[in-house]
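No lab work stands behind these numbers, since they all come straight from the coordinates. In this text the structure is predicted, and so the values were computed from the model without any measurement. Using ideal geometry, Cβ is built from the backbone for each residue, glycine included, and neighbour counts are taken over all protein chains shown.
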Ligand SMILES: Cc1ncc(COP(=O)(O)O)c(C=O)c1O
């Protein structure tokens, strides 16, 4: 029993973002990538590396390749290995850090009515993770530990930057799992992506371009992807920010069309909702644009943890931490009910964001912050994410298999990552397909729901199918109902 638990923990491992490139052997590429991660400080001294087996499985290389690479780096002094306690980044491999002294600290707008209310037995709307899989025991254990260990000052007013424990844990986690380059005093805790957008764009409470006056921290016009979350566009419009749609093609957003905007909001790891990653050349191009224009890129890293293929897509932020603001939250990885997120900021915006938050933490519960810090540091967050990745991958595979059997004429896209897929439909059929789904008791959205009203890119008909929300036992019936609602292929038509 104890043995099998150990094996499971070994297999489940932890996440480590590494890109193996170059013409040489996989072993050489892995050694190079690990060495670089340690040298640059992305992997902090003391960080425990994933077990051979789990990293090998993640990267699609042989177990021995990982073992050899670790051994080589132990010999070089970058790593240390001790029998029984795994492989760690050596303490002496400490990188140089530029400390960023945080500057002095200085209404929630209307809430949108929940998009519920459709009489549907099967919820295949995108947006929420599997609620039945919330790691209740692990969260409880972390909360208990956090409460026991918390000094009394925790129960006073909270620091708007967020608890140092959480910022430190996130700096290490985001560097390891998402390739982010940062340090704790450039991270500001917030209640999620929507809150971060408000903080950055709300008029009247910022410090003006990170400087130190009135007005918002960032101003429009803001370029956004032509398909995106309407809630975010509405939130920006409520702040008086004009959004300018960027067309999408098979490589993601057409960043070559960026012009006089002051900022751009992208979902580079997994375009929301159409699915693909932003092409490497465009990642570089958008950062070049931001540098040339003195503009800023907002990276919405909403589901970056959930990639199912072996092509890692790290954070765009790593290309230029002074030009990219990365925003993430636990809304997909744990639950949108937790309301915890983070902003990884260029130095010049830290003071302005703290000023916008006010003198005391007013949104993100300090106790929840401590619990999340414990969840991350104890490894339970990694284990949960990896377990859920396996589960969602299984659901994705079942969706693809059901469609291949029951509706082979329907193309599925955007399935390499995330918690939803897009079913491409023949032109002009989307609305009737959504209605047919409703008749089958299936709640889902058509692509048109996400389209920017001002875009001139050709419309694509499609259904956005969230496969995370139904609980495990309800999923098969949901798939059955979905397939029953899809328009017939030509050969099936009468
Ligand atoms: C595109 C996109 N961005 C961000 C988020 C996260 O939003 P929040 O952190 O405000 O819950 C979501 C939903 O989870 C989303 O679909």
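Highest mean first, what order results for 477-485, 348-356, 336-344 on Cβ atoms within 10 Å? Mind showing how you got there, number by number?
Numbers: 477-485: 19.2, 348-356: 22.9, 336-344: 21.3.
Averaged packing, sorted descending, gives the order 348-356, 336-344, 477-485.
As a rough guide to protection, the peptides 75-83, 381-389 ranked by mean Cβ packing within 10 Å, highest first, stand as 381-389, 75-83.
In the chain, how does Rg compare with the Kirkwood Rh, expressed as the Rg/Rh ratio over alpha carbon atoms?
0.96
To make sure I understand, if each residue's beta carbon is the centre and we count other beta carbons within 10 Å, what order do 377, 224 fall in, fewest to most? Can you show the working numbers first?
Details: 377 17, 224 27.
Fewest to most other Cβ atoms nearby, the residues stand as 377, 224.
Starting from the coordinates of the alpha-carbon atoms of the stretch 135-377, obtain the Kirkwood hydrodynamic radius over all distinct pairs and give the value in Å to one decimal.
Details: mean 1/r = 0.0549 Å⁻¹.
One over the average 1/r among Cα pairs gives 18.2 Å for the stretch 135-377.
With both partners inside the chain, how many of the DSSP beta bridges are antiparallel, as a percent to the nearest 5? Please list the in-between numbers first.
Values: 27 of 44 bridges.
Of those bridges, close to 60 percent are antiparallel.
For the stretch 382-485, what is the Kirkwood hydrodynamic radius in Å, using each pair of distinct C-alpha atoms? Before the final figure, lay out each step's value.
On the way: mean 1/r = 0.0691 Å⁻¹.
Hydrodynamic radius (Kirkwood, Cα only) of the stretch 382-485 equals 14.5 Å.
Determine one quarter of the surface area of the Cα convex hull of the stretch 347-425, which equals its mean projected area, and express it in nm² to one decimal. Mind showing how you got there, number by number?
Values: hull surface 35.7 nm².
Here the figure is 8.9 nm², rounded to one decimal.
With the Kirkwood sum run over all distinct C-alpha pairs, the stretch 2-89 has a hydrodynamic radius of 13.3 Å. Sorting 313, 244 from the fewest to the most surrounding beta carbons within 10 angstrom yields 244, 313. Ranked by the mean number of other Cβ atoms within 10 Å of their residues, highest first, the peptides 149-155, 49-55 come out as 49-55, 149-155.
Applying 1/(1 + (r/R0)^6) with r as the Cβ-Cβ distance of residue 424 and residue 337 and R0 = 25 angstrom yields a FRET efficiency of 0.20. Computed on the stretch 135-377, with alpha-carbon pairs under 8 angstrom and 6+ residues apart, the relative contact order is 30 percent. Helical content of the chain, expressed as a calculated mean residue ellipticity at 222 nm, amounts to -11500 deg cm²/dmol (DSSP H runs of 4 or more residues, -39,500 (n - 2.57) each, divided by residue number, nearest 500).
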